[in-house]
Amino acid sequence: MKKVLCFLFIASLGFAAYVLGAKAGKTRYKEIAATATSFWNDPQVKKARVRAVKAAKQATADATKAAEKAAKKASKQAKKRFS
């Protein structure tokens, strides 16, 4: 059910974007694209992206270490139990 609702939500957003984009025309599209590009290239946004990537890499490394530790612990327990 969740997948169906998600699909319907995404489809309705796509439809709305298409209809509004078709009504707005090419000049409005260019304005929106220019605004999005200027936002994306803003120095503060670039810094935030860099911080987010660093945080994601650190979280990935932490999760990997935790998973390895848990796997070793489970392996030891399984060896004790089934030996």
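Details
- If the chain linking V4 and D42 were pulled fully straight, counting 0.36 nm for each residue of separation and taking away their Cα-Cα distance, it would gain 10.0 nm.
- The angle between the Cα long axis of helix 43-82 and the longest principal axis of the Cα atoms of the chain comes to about 30 degrees, rounded to the nearest 10.
- A straight Cα-to-Cα reach below 25 Å connects K57 with the lysines K46, K47, K65, K69, K72, K73, residues fewer than 8 places away in its own chain not being considered.
- Heavy-atom accessible surface of the range 18-83: percent carbon and sulfur, 1.4 Å: 62 percent
- Taking the longest Cα principal axis of the chain as reference, the axis of helix 2-40 is set at about 50 degrees.
- Taking only Cα atoms of the chain, radius of gyration then Dmax in Å: 23.8, 74
- Label-to-label distance for K79 and A17 is 5.2 nm, based on points extended 7 Å past Cα in the beta-carbon direction.
The values are calculated or read from the model by the stated rules, or taken from the named source; none is laboratory data. Worth saying up front: this structure is predicted, and the values here are computed from it rather than measured. Note: ideal-geometry Cβ built from the backbone for every residue, glycine included; neighbour counts use all protein chains shown. With ligands, DNA and RNA removed, areas are computed over all heavy atoms of the protein, side chains included. Shrake-Rupley method; radii C 1.70, N 1.55, O 1.52, S 1.80 Å.
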